[in-house]
Amino acid sequence: MSGVSGSGHQDKLAGLTQEDQNINQTAEDISHSAQGHKANLSNPNTSEKSKEASKEALKELGGEEAFYGKQGKGE
């Protein structure tokens with residue numbers, strides 16, 4: 001490891017503007033990300049540190065509103 005904190009995904013985004021980083025953040029993309037974090041929370045093999053990170057990510061994504069089907073669109 002390089003000793004630099006942060007995830008590999010964030011490292012790949014280094015140097016991009018915020019607008020460029022969010023170019024593919026459609027409601028469906030956000031929903032898929034939220035689904036992954038929600039699954040992580042219910043996985044018994046996931047560390048507490050990882051679960052805390054997923055809780056924070058879900059808050060940043062918009063909580064329950066992050067799930068595509070909850071918005072009444074696309075059904």
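The values are calculated or read from the model by the stated rules, or taken from the named source; none is laboratory data. Note that the coordinates shown come from a computational prediction; the quantities given were computed from them, not determined experimentally. A quick note on method: Cβ atoms are made from the backbone with ideal geometry, for glycine too, and the neighbour counts reach across all protein chains shown.
Part of a helix (DSSP H, G or I), modelled with pLDDT under 85 and not polar (S, T, N, Q): which single residue out of G36, G69 fits that description?
Checking each option against the conditions leaves just G69.
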**Message:** Looking at (1) surrounded by fewer than 11 Cβ atoms within 10 Å (Cβ to Cβ); (2) modelled with pLDDT of 95 or more; (3) assigned to a helix (DSSP H, G or I), which one does S50 not meet, given that it meets all the others?
**Reply:** (1)
